[in-house]
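Notes to accompany the following structure.
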Amino acid sequence: MNRIESAFKNKKAFIPFITAGYPNINKTEDFIYKMVSAGADLIEIGIPFSDPVAEGPVIQESSQKALEAGTNLDNIFELVKKVRKTVNIPLVFMTYVNPVFRYGYDNFFKQCSLIGIDGIIIPDLPFEEKNEIYEYAKKYDIKIVSLIAPTSQQRIEDIAKEAEGFLYVVSSMGVTGVRTEIKTDLKSIIESVKKVTNVPTAIGFGIHSPEQANKMSKISDGVIVGSAIIKIIKQYGTDADKYIYDYVKSMKDSMNN
Amino acid sequence: MGKTRFGIYGGQYIPETLMNEIINLEKQYEYYKNNPDFVNELNTLLKNYAGRPSLLYYAEKMTKDLGGAKIYLKREDLNHTGSHKINNVLGQVLLAKKMGKTRVIAETGAGQHGVATATAAALLGMECEIFMGEEDTKRQALNVYRMKLLGAKVNAVTSGTKVLKDAVNEAMRNWSTRVADTHYVLGSVMGPHPFPTIVRDFQSVISKEAKQQILEYEGKLPYAVVACVGGGSNAMGMFYNFIEEKSVKLIGCEAAGKGIDTDKHAASIAKGKVGIFHGMKSYFCQDKYGQIDEVYSISAGLDYPGIGPEHAYLHDTGRAEYVPITDEEAVSAFEYLARTEGIICAIESAHAVAHVRKIAPKTDKNESIIICLSGRGDKDVAAIARYRGEKIYE
């Protein structure tokens, strides 16, 4: 069983996101340890990109600050290598296609495999363009996590059939960021997914409260939270450790396990 | 699904949320582009509203002064709203209306595409929102007010570097929040398929007319056609019907800003590398980690870090040639055309004029060269004055 499968084994997975290098790369390491000890089942590590078109203002700002602080792929690889010495839960990169392309697909996925990355999420690489990275990801056994959106409709089946790792179900239209209410009929989307695959589903975009996490964990296999965590880091900066721990713990505890 | 690429360039690198809408757009476009009613309606608008066909003007004084090939100017600056942008915008807004959309959004740099989109939206009765980098709203305050007069809402974009590329980011983000009633009127031959093809087709009227006109005046094809290139819409329009005429040189002029050996330029072909951004694979100015560069040009319309995918293909295959033109060369050409022909052209178009000043004297007198004069220069007068150290009040 690979690490991603075990994260969903007999439990609902809580998946926090963190922008690597925000506010600096050393703090990212500390924050990851806090999230792990608070019960995170899988962590999404964001490789910052200059122009993150799928992100709302909170993650956009964190990406910009991280880049200004000198974060780059080389020091992110170093970070993961260090973290992997003690952390056993799955770690998944989330980034945009250009940094991966520029680094060289073969080289990038080789590095991922060497440092112990389990999967990758690339929001600007839809189903039609998956072949761009497919052979390299396969070669180094890095799972490509695909996204399903409220507008996916007849595409759900095609995407789900080829799914691996887990499926990222986008809760709402638009970009990442906290929302008070989620109106999409996620239940029926997930039912369509389950008809064609056993790959677990996790819902993301807009989730921030334990109540929402509880509700979402009843219809899916996991919950992804990004902007709410980045907001905590924005508020408390290098002193955010304790707040991140408390928040992740409250979210994990609220889930329908 | 049709052909989404030009060689290796192009594609559809966009979030899943937008995929179905992009696929729908392609289907609808494929239907309407051959629909006689649509074609008729668009042609009527181009003729009676935009003022087409645009003139192909023989620049006799400039020709004599340079002492070489005959120089012709394709006068897109005389179109309604003052640039070639109206060709694409009328097509796309009409298409959006046929698709049942009630709202259009667009990015803009200097404001030309924003003004054109707001104009078409006013004419065709659509709600309109424009995304413009905050820096650009300050530099082009007059165009912001113009768009407001036309009934559009202008959003000053404060994310990222607050210029054109950030306006595109924000327009894409906004589109992904409401695809149901909204069409994104992309302003150049860029973005995910089918936009590069749609925009090229709507702009190809430039070369369709120019080819007929030059054959009428000269009895033979031109030696070269020359246009400025940012994203590359007027250049694609100027090139398109000449691509098959192998004897005709196609020359695109990129913004070299303060020089391609400085870090202040926007020359994606000369200095960029292949990358994937804004929905397409093409050439982009970027660092070694694939972060998109902040670019620079005196011309806000060319101040973009990438180039359309079909241009990337024409470059790789050698069919078109791309040359860098500095701010100084463009400003000199802007002044030269004003003095010599009494035409104040857009600073973007002046990049093409600058290159022709270099090549015309070396070209045989029996040949001709067409410059795409993509826009008029009223919007640039204050900036040129500042560049020359003149203090004037706008």
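Ranking B:Thr44, B:Thr137 from most to least accessible surface, computed with a 1.4 Å probe over the protein chains only, gives B:Thr44, B:Thr137.
Please work out how much length the chain gains when fully extended from B:Lys208 to B:Asp181, using 0.36 nm per residue of separation minus the C-alpha to C-alpha distance, in nm with one decimal.
Roughly 6.4 nm would be gained on extension.
Measuring nothing but protein heavy atoms, the accessible surface of chain B at 1.4 Å probe radius is 50 percent carbon and sulfur.
Among DSSP beta bridges lying fully in the protein assembly as shown, give the percent that are antiparallel, nearest 5.
20
Would you work out if the range B:166-279 is rounded, prolate or oblate? Take a ≥ b ≥ c from the square roots of the eigenvalues of the alpha-carbon gyration tensor; rounded if a/c is under 1.5, else prolate when a/b is larger than b/c, oblate otherwise. Judged from the Cα gyration tensor, the range B:166-279 comes out oblate (a/c at least 1.5, b/c at or above a/b).
Determine the gain in length on full extension of the stretch B:Lys61-B:Met99; use 0.36 nm per residue of separation and subtract their C-alpha separation, reporting nm with one decimal.
Numbers: separation 38, 0.36 × 38 = 13.68 nm, distance 4.78 nm.
Gain in length upon complete extension: 8.9 nm.
In this label model, B:Lys246 and B:Lys273 are separated by 3.5 nm, measuring between points 7 Å along each Cα→Cβ vector.
Using the rule -39500 (n - 2.57) for each DSSP H run of four or more residues, divided by the residues of chain A, the 222 nm mean residue ellipticity is -14000 deg cm²/dmol. Could you compute the FRET efficiency for A:Lys218 and B:Asn43, with r as their C-beta to C-beta distance and R0 at 56 Å, rounded to 0.05? Computed FRET efficiency for A:Lys218 and B:Asn43 comes out at 0.50.
In this assembly, the B-A interface accounts for approximately 3000 Å² of buried accessible surface in total, computed with a 1.4 Å probe and without ligands, DNA or RNA. Relative to the longest principal axis of the Cα atoms of chain B, helix B:85-98 runs at roughly 20 degrees. For the range B:201-264, which trypsin sites (Lys or Arg not before Pro) are in a loop by DSSP, counting at most 10 other Cβ atoms within 10 Å? Of the trypsin sites (Lys or Arg not before Pro), the ones in loops of the range B:201-264 whose Cβ has at most 10 other Cβ atoms within 10 Å are B:Lys246. Within the range B:228-354, DSSP assigns beta bridges of which about 45% are antiparallel (rounded to the nearest 5).
Taking GluC sites (Glu not before Pro) across the range B:199-279, the ones in a DSSP loop with at most 16 further Cβ atoms lying within 10 angstrom of their Cβ are B:Glu244, B:Glu245. To the nearest ten degrees, helix B:327-341 and the longest principal axis of the Cα atoms of chain B are 70 degrees apart.
The label point for A:Lys183 and the one for A:Ala69, both projected 7 Å from the Cα toward the Cβ, are 3.7 nm apart. In a simple Cβ point-charge model (Lys, Arg +1; Asp, Glu -1; nothing else charged), the range B:225-292 has a dipole of about 140 debye relative to its Cα centre.
Excluding ligands, DNA and RNA, the accessible surface per residue across the range A:186-257 is 44 Å² with a 1.4 Å probe. Ranking B:Val205, B:Val229 by solvent-accessible area of protein heavy atoms (1.4 Å probe, all protein chains present), from largest to smallest, gives B:Val205, B:Val229. May I ask which of A:Lys130/A:Lys218; B:Lys153/B:Lys391; B:Lys27/B:Lys97 have a Cα-Cα span longer than 22 Å here? Violating the 22 Å limit, Cα to Cα: A:Lys130/A:Lys218; B:Lys153/B:Lys391. Computed per residue of chain B from DSSP H runs no shorter than four, each worth -39500 (n - 2.57), the mean residue ellipticity at 222 nm is -12500 deg cm²/dmol.
Rounded to the nearest 0.05, the FRET efficiency derived from the C-beta distance between A:Lys194 and B:Asp261 at R0 = 56 Å is 0.45. The C-alpha atoms of chain B define a longest principal axis, and helix B:36-45 lies at about 60 degrees to it. Here the contact order of the range B:33-92, divided by its residue count and restricted to Cα pairs under 8 Å and six or more residues apart, works out to 32 percent. Across the range B:265-358, the relative contact order, built from alpha-carbon pairs under 8 Å that are at least six residues apart, equals 22 percent.
Computed on protein heavy atoms with a 1.4 Å probe, the accessible areas place A:Asp106, B:Asp316, B:Asp261, A:Asp118 in the order B:Asp261, B:Asp316, A:Asp106, A:Asp118, largest first.
Accessible surface for the range B:252-394, divided over its residues, is 38 Å² per residue with a 1.4 Å probe. For the range B:62-149, the dipole from Cβ point charges (+1 on Lys and Arg, -1 on Asp and Glu) about the Cα centre works out to 340 debye, to the nearest 20. Once the C-beta distance of A:Lys234 and B:Lys27 is scaled by a Förster radius of 35 Å, the resulting FRET efficiency is 0.25 to the nearest 0.05. Hull volume per residue, based on the alpha-carbon atoms of the range B:68-107 and their convex hull, is 96 Å³. Judged by the gyration tensor of its Cα atoms, with axes a ≥ b ≥ c, chain A is rounded; a/c sits under the 1.5 cut. Considering only alpha-carbon pairs that sit under 8 angstrom and 6 or more positions apart, the relative contact order computed for chain B is 20 percent. Residue farthest toward the positive end of the dipole of the protein assembly as shown, with Cβ of Lys/Arg at +1 and Asp/Glu at -1: which of B:Gly10, A:Ser6, B:Thr44? Farthest along the dipole direction, towards plus: A:Ser6. Computed from the alpha carbon atoms alone, the convex hull of the protein assembly as shown holds 148 Å³ per residue.
Ligands, DNA and RNA excluded, the heavy atoms of B:Leu55 present near 100 Å² of accessible surface to a 1.4 Å solvent probe.
In a fully extended conformation the segment linking A:Asn24 and A:Asp158 would gain 44.3 nm over its present Cα-Cα distance, using 0.36 nm per residue.
The values are calculated or read from the model by the stated rules, or taken from the named source; none is laboratory data. Keep in mind it's a predicted model, so treat the numbers as computed, not measured. No Cβ is skipped: glycine too gets one built from the backbone with ideal geometry, and neighbour counts run over all protein chains shown. Quick note on the areas: whole protein, heavy atoms, side chains included, nothing else; ligands and nucleic acids left out. Shrake-Rupley method; radii C 1.70, N 1.55, O 1.52, S 1.80 Å.
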